[in-house]
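*Asks:* Structure provided below as C-alpha cells; questions to follow.
The values are calculated or read from the model by the stated rules, or taken from the named source; none is laboratory data. Computed from a predicted model, the values in this text were never measured in an experiment. Here Cβ is always computed from backbone atoms with ideal geometry, including for glycine, and neighbour counts include all displayed protein chains. SASA here: full protein model, heavy atoms, side chains in, ligands and nucleic acids out. Shrake-Rupley method; radii C 1.70, N 1.55, O 1.52, S 1.80 Å.
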Amino acid sequence: MSSPTPSFCPMYRIGYSLSPKEVHSFIQNSLLDHAKQRDIDLIEIDPTKPLTQQGPFDCIIHKHYGPDWNNQLQQLSLDHPNVVVIDPPQAIEHLHNRVCMLDVVTSLKIPQGNQTIGVPNQRVLDESENLTDSIEEIGLKFPVIAKPISVDGSAKSHEMFLVFNENGLKKLKLKKPILMQEFVNHGGVIFKVYVVGDHVKYVKRSSLPDICEETLNSVAEDEGFLLFSKISNLIAKNSEAVGGSSDEVDEYCCEVEKLVEKAEMPPLEFVTELAKGLREAMGLRLFNFDLIRDSRDGHRYFVIDINYFPGYVNMPEYESCFVDFFCDVVQEKRKKNGDGEVELDVKENHHEEEALCE
C-alpha cells in the first residue's frame, strides 16, 4: 500500500513593524522557532518602503505612529480587507494620553466578586492654574505623583515625580498641563498584567514603598520631591534621604524583595475579567496594565497605568503565548472566510510559500 500523499498548507504570514530596539527585544530566535513549528512566518516590514509594495501579509502587528503610517494602514485595509491589523491606530492613540487611558477603568462593568476596582484620585492641572491652590481645591493628599499628560515614547514623557509637600509643588519643573495623581500605599508591590488577545498573564514586581506620616515629616523641606525613572533608584534615594547608610539601603532593598516574594497574587478570575473588560472597552488586543492593591484594604485595587505593546519579553513564556494568539487570529480568519481555509492576500507575481502541515 502506497504512503499517503503529504498535505500542504501555506505559511501564515505575520508582518511586524516595530522600532529597532523593540525588534531586538521581541523577535527572539525562541519566538521564531515556536512560530515556525505552528506554520507561522514572522516577516519584518521595511519602514523605508511603502506598505503596499510589501507582503503579502495575513496579519500585521505594529507599534509605529504618525499620519503617514496610519494612512498606509488605512489604504492597506481598503485594498486588502482580509489583512488583520493589530491594533487600530485610533484605538492605540487613546493610550497616548494619561487621563483618557484611565477613563475606561471607571466605566467598566465586570464581575468583581469581593474585589473593587478603580483609579487613584487625580486631577489635570492646566497652564493657568496655581499648583498649590489646585491641590487644596481637589482635596488631594500628599504625597502625589506628577506625570506628563502625553505618552509619546520620549524620555520626557516618562519623567515622573513623587511630590511630598507644597514646597515640592512649587519647585516642580514639569511643563503644564500635568497629571497629579494621589499616591496610594500598596505594600511596595505592583502587579504587571500582560494581555495578548484572550491570553492573560501577570507577575508581581517591586514598586514604591509605602509612605507613612513619619516619612513625610522627615523629608527635608528644601527637597519636597523626588524624580524617579527607575524604582530601584527611588528606593535608594528615599532611604538615603532619611539618613540611611549604604548598608541600610541594601538591607532595605532586601526587605523589599521579601515583601514581593510574600505578596499574594490577585485572584485569577478577577484579573482575567478585568483584562477582558479593558480589552473590549478599548478595542485593543496587545497591552499591559499596572495594578496595585490598597494597603488598607486587601480587596481594593487600582489601575494606575496602561501601555500599548509593552516589553513582552518580561512576560513568562511570551513565545508560546504569542504563537497561541497568532493561531487564534488564524482561526478567526478561517471562520470569516467560511471554508475552513486560511485565505492569503497574494500580490501579483508573488510565489506562495508552502510548508508541510503537521
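*Asks:* Pick from Asn167, Asn121: which is open to solvent by 30 Å² or more (accessible area, probe 1.4 Å), in contact with a Gly (Cβ under 7 Å, 6 or more places away or on another chain) and not β-branched (Val, Ile, Thr)?
*Replies:* Selected residue: Asn167, the only one of Asn167, Asn121 that is open to solvent by 30 Å² or more (accessible area, probe 1.4 Å), in contact with a Gly (Cβ under 7 Å, 6 or more places away or on another chain) and not β-branched (Val, Ile, Thr).
*Asks:* Looking at Lys147, Lys173, can you tell me which residue is open to solvent by 50 Å² or more (accessible area, probe 1.4 Å) and on the phi < 0 side of the Ramachandran plot?
*Replies:* On the way: Lys147 fails: open to solvent by 50 Å² or more (accessible area, probe 1.4 Å).
Only one candidate passes the filter, namely Lys173.
*Asks:* Taking the criterion of being assigned to a loop (DSSP other than H, G, I, E, B), under 30 Å from Glu159 (Cα atoms) and over 22 Å from the mean Cα position of the chain (by Cα), would at least one residue in the stretch 42-60 satisfy it?
*Replies:* Yes: the stretch 42-60 contains one or more residues that are assigned to a loop (DSSP other than H, G, I, E, B), under 30 Å from Glu159 (Cα atoms) and over 22 Å from the mean Cα position of the chain (by Cα).
*Asks:* Quick one: which of Glu319, Glu348, Glu332, Glu280 is of a type in the set (Asp, Glu), at pLDDT below 95 and surrounded by 12 or more Cβ atoms within 10 Å (Cβ to Cβ)?
*Replies:* Within the list Glu319, Glu348, Glu332, Glu280, the selection yields Glu332.
*Asks:* Right, another one. Just checking, which of Val184, Val203 is surrounded by fewer than 18 Cβ atoms within 10 Å (Cβ to Cβ), modelled with pLDDT of 95 or more and in contact with a Phe, Trp or Tyr (Cβ under 8 Å, 6 or more places away or on another chain)?
*Replies:* Val203
*Asks:* I've got another one for you. Could you tell me how many of the residues in the stretch 3-34 are modelled with pLDDT under 95 and assigned to a loop (DSSP other than H, G, I, E, B)?
*Replies:* Going through the stretch 3-34 one residue at a time, the tally reaches 7.
*Asks:* Can I ask one more? If I ask for residues that are more than 28 Å from Leu108 (Cα to Cα) and assigned to a helix (DSSP H, G or I), which ones from the stretch 292-330 would you list?
*Replies:* Within the stretch 292-330, Val313, Glu319, Ser320, Val323, Cys327, Val330 meet the criteria.
*Asks:* Out of all the residues in the stretch 99-111, which are under 22 Å from the mean Cα position of the chain (by Cα) and open to solvent by 40 Å² or more (accessible area, probe 1.4 Å)?
*Replies:* Cys100, Asp103, Thr106, Ser107, Lys109
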